[in-house]
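Heads up, the thing below is written out as structure tokens.
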Amino acid sequence: MVQRVDFYLLENGLSNDRFRLACRVASRAWQAGHRIFISTPDAKAAAAVDELLWSFDQGSFIPHSLLNDSEKIIDKTPIVISDQAPPPRYSDVLISLLDQEPGFKDQFQRLAEVVGGEEQSQVLARERYRAYRTQGLDLHHHSLPMV
């Protein structure tokens, strides 16, 4: 069951900036010792996040894999990316790049909603925020400049 939801809102920027912010959130969560599942809207977005995790921070290595990599690899990898629902064993941190409430969010302890600067993205995020508030979840909001 989700205990905390953090909304990371880009004040402006492009969808690629949203992916960069997701990478930054994943990096910080990993450094804090969490296992992370990044949920993307489609395979193209998953591949883009995968590529960004290799290059967004030149000074560090962030271990990650796509869900369709071998079981041996994903079992040992703290950050997994996919446009599919996560296997039940993932339960720590969910980073959502979706524009709707993830149907599998309740298997995670924490949810990070990464919201782009586009008006439509923000409108949909406000709807999710209201839905989570109705569900009684612990909500936090972080407004950030472009990354």
Inset, instruction - At most 15 other Cβ atoms within 10 Å and a DSSP loop assignment: could you name the chymotrypsin sites (Phe, Trp or Tyr not before Pro) in region 1-68 that fit? - result: F61
Inset, instruction - Would you please name the trypsin sites (Lys or Arg not before Pro) within region 66-144 that are DSSP coil residues with at most 16 other C-beta atoms within 10 Å of their C-beta? - result: R89
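Using Cα-Cα distances under 8 Å and only pairs 6 or more residues apart, what relative contact order does the chain have, in percent?
On the way: 273 pairs, mean separation 62.3, N = 147.
Taking the mean separation of contacting Cα pairs over the length of the chain, I get 42 percent.
Within a 10 angstrom radius of the beta carbon, how do D99, D42 rank from fewest other beta carbons to most? Kindly include the intermediate steps, with their values, before the conclusion.
Working: D99 16, D42 10.
Listed from fewest to most nearby Cβ atoms, that is D42, D99.
We did not get these values from a lab; they are worked out from the coordinates using the rules stated. This is a predicted model, so every value here is computed, not measured. Neighbour counts run over all protein chains shown; Cβ positions are idealised from the backbone, glycine included.
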